[in-house]
Amino acid sequence: MELHQLRYFVAVAEVGSFGGAARRCNVAQPSISQQIMKLEDELGHRLFDRLGRSVVLTEAGEALLPRARRVLVEIRDATDHLTEELDAGRGNLSVGAIPTIAPYLLPGAIQRFTRSCPDATLTIREEMTPSLVDALIAAELDLALVSRPIDHPAIHREVLFKEKLLIVVGRDSPFADRESVSMRDLDGQESVVLDEMHCLAQQFQDVCRIMRVEHHVACTATQLATVQKLVELNLGVGLVPEMAATADDSSRRVYLEVSGTPPKREIAVATRAGRSRSVLAQRFLECLCPVAPV
């Protein structure tokens, strides 16, 4: 039993003829007749008595008519409410982000999103990139904010913007009075780095390798806030994203641009390949962009 068959059946019952139903449904009369016969064959009952150019409902037709009308009303109601819910911003949205992005981009975006879509249910998950990838593939997340490229055929990645990576030093560092520093200046310096599970740590290693700079790891941390604190104690220099520097209000740390071609990282949204972007996901990204660095 198909919906268009029910629509044709109700039209014939209400109009009282196949020709009138065909005109109402804007289809050829033979199509109406053929679909009604298929419906009768499937049900095993005649639905109409054919009386010349007019028809009347049989006992089976009388029994089916109110049921068919209820089905069509439910379908129309579902369609109307679906559009209404989407337009109103209702539903669930799950967003993931890596730890070097989440504290800086998400709070502002969440505030904007919850004001824009107060009836939406938002779930936030902060994880390392591999865990976010697994969650995207399992459809546990709708989108994730990541940095490094993801080499996985099931993941689609779209770059949102790029941000500079800055050198952070303690206020008592010999570099503290400068506006910028070259990677060569850092050759042989002690460094405070993130654990290698962070993609930012891998980016730091990449920059040093490309610039042929040797650095000695004095401390390893699992959070950017710890890196900043250890740098403040002059245990070494660190490399941090610009968004972390912008959020830092301490006078005990100084942030320096890298002269020449400054290193940058890409901020991207990752989604499960093949999944359409929901209305809520699009609205969240629109809320994210105004708080993103230029």
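The values are calculated or read from the model by the stated rules, or taken from the named source; none is laboratory data. All figures in this text were calculated on a predicted structure; none of them were measured in a lab. Using ideal geometry, Cβ is built from the backbone for each residue, glycine included, and neighbour counts are taken over all protein chains shown.
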#### Entry: Residues of region 228-275 satisfying the condition of being touching a Cys at 6+ places or on another chain (Cβ under 8 Å) and hydrophobic (A, V, I, L, M, F, W, C)
Leu230, Leu235
### Message
Based on this model, can you work out whether Glu126 counts as among the acidic types (Asp, Glu), under 30 Å from Arg252 (Cβ atoms) and in contact with a strand residue (DSSP E or B) (Cβ under 8 Å, 6 or more places away or on another chain)?
### Response
yes
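Would you be able to say whether some residue in region 6-18 is of a type in the set (S, T, N, Q) and over 30 Å from Thr271 (Cα atoms)? Please lay out each step first, then the result.
Filtering region 6-18 down to residues of a type in the set (S, T, N, Q) leaves 17.
Cutting the leftovers down to over 30 Å from Thr271 (Cα atoms) gives us 17.
The answer is yes, given that some residue of region 6-18 is of a type in the set (S, T, N, Q) and over 30 Å from Thr271 (Cα atoms).
Determine which member of the set Leu65, Leu72, Leu6 is assigned to a helix (DSSP H, G or I), touching a strand residue (DSSP E or B) at 6+ places or on another chain (Cβ under 9 Å), surrounded by 14 or more Cβ atoms within 10 Å (Cβ to Cβ) and hydrophobic (A, V, I, L, M, F, W, C).
Values: Leu72 fails: touching a strand residue (DSSP E or B) at 6+ places or on another chain (Cβ under 9 Å); Leu6 fails: touching a strand residue (DSSP E or B) at 6+ places or on another chain (Cβ under 9 Å).
None of the other options fit; the residue is Leu65.
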### Boolean, Ala176 is in contact (Cβ under 8 Å) with a residue 24 or more places away in the chain, in a loop (DSSP other than H, G, I, E, B) and in contact with a Lys or Arg (Cβ under 7 Å, 6 or more places away or on another chain)
no
### Task
All but one of (1) at pLDDT 95 or above; (2) surrounded by 13 or more Cβ atoms within 10 Å (Cβ to Cβ) hold for Thr123, so report the exception by its number.
(2)
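Give region 235-294 a look and list any residue that's hydroxyl-bearing (Ser, Thr, Tyr) and either touching a residue at least 24 places away in the same chain (Cβ under 8 Å) or assigned to a helix (DSSP H, G or I) (or both), or say none.
Taking region 235-294 first, the residues hydroxyl-bearing (Ser, Thr, Tyr) are 246, 250-251, 255, 259, 261, 271, 276, 278.
Passing the criteria: Thr246, Ser251, Tyr255, Ser259, Thr271, Ser278.
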### Message
Against the condition under 29 Å from the mean Cα position of the chain (by Cα) and at negative phi, how does Glu232 come out, does it pass?
### Response
no
### Query
Taking the condition over 25 Å from the mean Cα position of the chain (by Cα), within 21 Å of Glu163 (Cα to Cα) and surrounded by 17 or more Cβ atoms within 10 Å (Cβ to Cβ), does Leu239 pass?
yes
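For region 26-62, which residues satisfy the criterion of being of a type in the set (A, V, I, L, M), part of a strand (DSSP E or B) and loosely packed, with under 14 Cβ neighbours inside 10 Å? Outline the logic, then answer.
Taking region 26-62 as the starting set, the residues that turn out to be of a type in the set (A, V, I, L, M) are 27-28, 32, 36-37, 39, 43, 47, 51, 55-57, 60.
Narrowing the set further to residues that are part of a strand (DSSP E or B) leaves 51, 55-57.
Result: Leu51, Val56.
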### Summary
Of the residues in region 249-275, those that are within 10 Å of Leu166 (Cβ to Cβ) and of a type in the set (Asp, Glu) number 1
### Query
Within region 173-186, restricting attention to residues that are under 16 Å from Pro262 (Cα atoms) and of a type outside the set (Val, Ile, Thr), which residue is surrounded by the most Cβ atoms within 10 Å (Cβ to Cβ)?
Leu186
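Is there a residue in region 142-151 that is hydroxyl-bearing (Ser, Thr, Tyr) and outside the structural domain of Ser250 (by TED's automatic domain parsing)?
yes
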